[in-house]
Amino acid sequence: MKTGCRKHIIAFLAAGLAACSVVYAADGGSNNDCSPFSKYGIGTLNKVGTAYSRSMGGVGIAGRDNRYINVLNPAAVTARDSLAFMADFSVGEKSSFYKQDTKTSIGNTFNITNFSMSFPIWRSSAFMLGISPFSSVAYSVMDKTTDGYMGNTTQLYSGMGSLYQLYVGAGATFWKRLSIGAQFNYYFGNLEKYTSSTPSSSQYRSLYSGIKMPLQGFGGKFGLQYEQPIGKKDKLIVGATYRLSTSVLGVDRQRGNNGYILELATAVQSDIVDTLINNSISMDGVNIPQEFAVGISYRHADKWNFEVNYTRSDWTKSGMDGKKGFKVDNFSSTIAQSWNAGFEITPNRSDIRYYMKRCSYRIGGYYNVEYYRYKNMPISSYGITLGMTMPVFRWLNGITVGVDLGRRTPMGSDNMKIKENYLGVNVSLNVFDIWFIKPQYQ
């Protein structure tokens with residue numbers, strides 16, 4: 001590999017790490033999702049994976065491809081060229097349209113969705129590390145009420161912040177078919193939720209309260225994949241992952257206490273601000289629950305691939321329903337489930353005449369049951385995805401573009417339920433280069 005080219009790649013990786021640092025440095029203000037559903041718990045869970053897996057309907061548990069980093073299953077890190085360095089930098093934009101009865105609103109967000117790197121360790125083993133948003137809180141909801149004592153009052157509920165996941169994983173392949181991987185996860189971030197009450201009469205004070213939750217936790221994930229050749233060109237791959245339950249603790253950074261979060265309450269009248277409460281409150285017993293996922297894929301040579309996944313996690317044991325800062329009226333925890341399917345085809349990777357035949361095309365779909373209920377109604381999200389990878393330069397470098405068109409809404413007959421239609425666009429730069437090769441001289 002030429003030294004100049006390597007310097008360009010190193011500069012790209014440094015820029016990616018710097019961009020990730022800037023995103024988090026904004027005190028969690030970079031939100032990957034904007035939704036009134038993010039009021040509950042730790043917010044809306046972000047879709048895991050690069051633009052490649054997102055454009056395939058979110059599959060990847062049984063995915064093995066040496067052109068892309070698969071962050072859904074740590075065992076998939078071994079599906080690579082043994083001499084190559086790989087990296088992925090993904091960004092995403094989402095436009096949402098909300099409707100409740102006759103009320104409508106629009107939200108737009110943009111954020112870094114994944115940054116990961118992978119390289120070989122020894123023979124059939126490999127290593128990867130990266131960072132991605134795990135959940136997001138981003139909402140602003142206004143409600144007007146009438147009180148017999150205070151009269152008309154405007155209630156404003158707002159929240160912001162993100163919980164991030166830093167992961168380090170490694171995997172190895174045994175007997176050329178069985179791959180096993182393990183991953184260490186570190187969750188960290190800031191979530192903020194506020195409420196203000198403003199009476200229409202100037203005789204009464206406006207009330208403002210909120211809670212700041214700097215959170216952190218440590219967890220792990222295990223994965224395996226088994227690859228069974230069928231004939232000379234086809235392969236059947238089965239995969240599974242298990243994520244450990246993780247206790248998420250508050251960190252009172254003002255006092256240096258672990259297991260605490262900061263509660264704020266302020267009364268406001270004209271230019272006078274009276275602080276009523278500014279105390280740490282205990283926060284324990286909140287968990288990100290264990291998660292099971294299975295998948296199966298069928299690949300025909302280097303031309304097409306089809307995969308289906310199923311994921312399940314029981315959030316009723318998370319402890320969020322009874323915890324201050326997490327519990328919200330009309331919301332409660334439930335069992336989260338996800339069904340995903342995706343198909344990819346590449347007409348001819350070796351075509352030297354028609355560029356479009358060297359591109360990869362994808363289509364997928366998903367159906368999710370979220371980890372929370374609204375008015376005892378499960379929340380479902382479903383949609384279709386489209387994607388394309390365009391090869392650039394040499395080796396297996398490429399640019400991937402994916403589109404996600406879906407809907408999220410409570411599964412019930414309540415006419416006042418919130419409906420969300422959204423359009424997401426994801427773009428990633430896939431870096432692939434040969435680094436680990438010994439030069440030979442004659």
* Count, please, the residues in the range 170-220 that happen to be part of a strand (DSSP E or B) and either farther than 30 Å from residue 156 by Cα or of a type in the set (D, E, K, R) (or both). => 21
* Does residue 143 satisfy the condition of being at positive phi and either open to solvent by 50 Å² or more (accessible area, probe 1.4 Å) or of a type in the set (Ser, Thr, Tyr) (or both)? -> no
* Would you confirm whether any residue within the range 44-51 is within 30 Å of residue 212 (Cα to Cα), open to solvent by less than 10 Å² (accessible area, probe 1.4 Å) and not in a loop (DSSP other than H, G, I, E, B)? => yes
* Can you tell me which residues in the range 24-43 are at pLDDT 90 or above and either of a type in the set (D, E, K, R) or open to solvent by 40 Å² or more (accessible area, probe 1.4 Å) (or both)? -> none
* **Every residue from the range 310-342 that is farther than 15 Å from residue 380 by Cα and assigned to a loop (DSSP other than H, G, I, E, B)** => 318, 319, 323, 324, 325, 326, 327, 328, 329, 330
* **Every pair of residues 6+ apart whose Cβ atoms lie under 6 Å, when the first sits in the range 154-167 and is in contact (Cβ under 8 Å) with a residue 12 or more places away in the chain and over 10 Å from residue 134 (Cβ atoms) while the second is of a type in the set (A, V, I, L, M) and open to solvent by 20 Å² or more (accessible area, probe 1.4 Å)** => 156/142; 157/141
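Here is a yes/no grid of residues against (1) surrounded by 14 or more Cβ atoms within 10 Å (Cβ to Cβ); (2) at pLDDT 80 or above; (3) more than 30 Å from residue 370 (Cβ to Cβ):
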site	(1), (2), (3)
396	yes, yes, yes
401	yes, yes, no
405	no, yes, no
415	no, no, no
431	yes, yes, yes
* Asked: Which residue pairs have Cβ atoms under 7 Å apart, sit 6 or more places apart or on different chains, and have a first residue in the range 348-359 that is over 11 Å from residue 303 (Cα atoms) and part of a loop (DSSP other than H, G, I, E, B) and a second that is among the acidic types (Asp, Glu) and open to solvent by 100 Å² or more (accessible area, probe 1.4 Å)?
  -> none
* Please verify whether the range 79-101 includes one or more residues that are closer than 24 Å to residue 292 by Cα and either at pLDDT 95 or above or surrounded by 15 or more Cβ atoms within 10 Å (Cβ to Cβ) (or both). => yes
* **Selection status of residue 122, over 27 Å from residue 429 (Cα atoms) and out of contact with any strand residue (DSSP E or B) (no Cβ under 8 Å at 6 or more places or on another chain)** => no
* Residue in the range 186-209 that is under 19 Å from residue 293 (Cα atoms), modelled with pLDDT of 95 or more and of a type outside the set (S, T, N, Q) present -> no
* Asked: Hey, among 173, 113, 109, which residue is of a type in the set (Ser, Thr, Tyr), over 20 Å from residue 42 (Cβ atoms) and out of contact with any Leu (no Cβ under 8 Å at 6 or more places or on another chain)?
  -> 173
* Asked: In the range 274-304, which residue that is within 24 Å of the chain's Cα centre (by Cα), modelled with pLDDT of 95 or more and in a strand (DSSP E or B) is farthest from residue 251 (Cα to Cα)?
  -> 297
* To do: Go through the range 78-116 and give me each residue that's more than 18 Å from residue 165 (Cα to Cα) and among the aliphatic types (A, V, I, L, M).
  => 79, 83, 84, 86, 106
* Asked: Quick check: is even one residue across the range 357-368 farther than 21 Å from residue 54 by Cα and of a type in the set (Ser, Thr, Tyr)?
  -> no
* **Residue satisfying all of: in the range 185-235; of a type in the set (Phe, Trp, Tyr) and over 30 Å from residue 250 (Cα atoms); least open to solvent (accessible area, probe 1.4 Å) among these** => 204
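The values are calculated or read from the model by the stated rules, or taken from the named source; none is laboratory data. From a predicted model like this one, the values you see are computed outputs, not experimental measurements. Cβ coordinates were reconstructed from backbone atoms using ideal geometry, including for glycine residues, and neighbour counts include every protein chain displayed. When the accessible area is computed, the model is the full protein with side chains, heavy atoms only, and any ligands, DNA or RNA have been set aside. Shrake-Rupley method; radii C 1.70, N 1.55, O 1.52, S 1.80 Å.
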